[in-house]
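Student: Questions regarding the structure given below will be posed in turn.
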Amino acid sequence: MAKESREYEEKVVMYNDRTLQIAKDRVPRMREIVLRRLGFNLGEPDFCPGGDRSVDVHWETEEYEVLLNVRPDGSARYYGDNHANKKIEGGLR
């Protein structure tokens with residue numbers, strides 16, 4: 001298992017500062033969407049490398065999970081659910 005983790009870490013390409021800032025700028029809009037459509041106030045997210053130099057912005061609790069993926073060109077896709085019957089999916093520009 002440790003070998004797989006090291007191999008994964010070596011393959012991850014970090015995002016740049018500009019993409020991270022774009023992701024941070026998208027957080028307030030994502031909070032609005034989730035509050036309106038799922039009824040939850042999002043806490044503080046985790047920022048992680050996604051594929052192709054993108055940034056994954058991730059929120060997860062026992063009540064919900066939301067993932068926002070922001071690409072270097074500023075486009076973004078999101079998915080979320082309340083672990084029950086409500087789901088959201090869409091894009092941000």
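The values are calculated or read from the model by the stated rules, or taken from the named source; none is laboratory data. As the structure is a prediction and not an experimental result, all values here were calculated from the model. Neighbour counts are summed over all protein chains in view; Cβ atoms, including those assigned to glycine, are modelled from backbone coordinates with ideal geometry. Note: accessible area is taken over every heavy atom of the protein model, side chains too, but ligands, DNA and RNA are not part of it. Shrake-Rupley method; radii C 1.70, N 1.55, O 1.52, S 1.80 Å.
Student: Within segment 35-59, count every residue that is among the acidic types (Asp, Glu) and more than 10 Å from the chain's Cα centre (by Cα). Give the steps one after another, and end with the answer.
Tutor: Residues of segment 35-59 among the acidic types (Asp, Glu): 44, 46, 52, 56.
Of the ones still in play, those that are also more than 10 Å from the chain's Cα centre (by Cα) are 44, 52.
The qualifying residues number 2.
Student: From (1) at pLDDT 95 or above; (2) outside any helix (DSSP H, G or I), pick out the condition that doesn't hold for Tyr15.
Tutor: (1)
Student: Using the structure shown, decide if Glu32 is at pLDDT 90 or above, under 15 Å from the mean Cα position of the chain (by Cα) and exposed (fewer than 10 other Cβ atoms within 10 Å of the Cβ). Break it down into steps so the answer makes sense when it comes.
Tutor: Working: at pLDDT 90 or above: yes; under 15 Å from the mean Cα position of the chain (by Cα): yes; exposed (fewer than 10 other Cβ atoms within 10 Å of the Cβ): no.
When the stated conditions are applied, Glu32 does not pass them.
Student: Take Asp52 and decide whether it is at pLDDT below 95, charged (D, E, K, R) and part of a helix (DSSP H, G or I).
Tutor: On the way: at pLDDT below 95: yes; charged (D, E, K, R): yes; part of a helix (DSSP H, G or I): yes.
Yes; evaluated as a whole, the condition is true for this residue.
Student: Looking only at segment 58-92, which residues are in contact with a Phe, Trp or Tyr (Cβ under 6 Å, 6 or more places away or on another chain) and under 15 Å from Ala23 (Cα atoms)?
Tutor: If the condition is that a residue be in contact with a Phe, Trp or Tyr (Cβ under 6 Å, 6 or more places away or on another chain) and under 15 Å from Ala23 (Cα atoms), then Val66, Leu67, Leu68 are the ones that fit.
Student: While we're here: Of all residues in segment 38-87, how many are open to solvent by 30 Å² or more (accessible area, probe 1.4 Å), charged (D, E, K, R), farther than 21 Å from Tyr15 by Cβ and touching a helix residue (DSSP H, G or I) at 6+ places or on another chain (Cβ under 8 Å)?
Tutor: Final tally of qualifying residues: 1.
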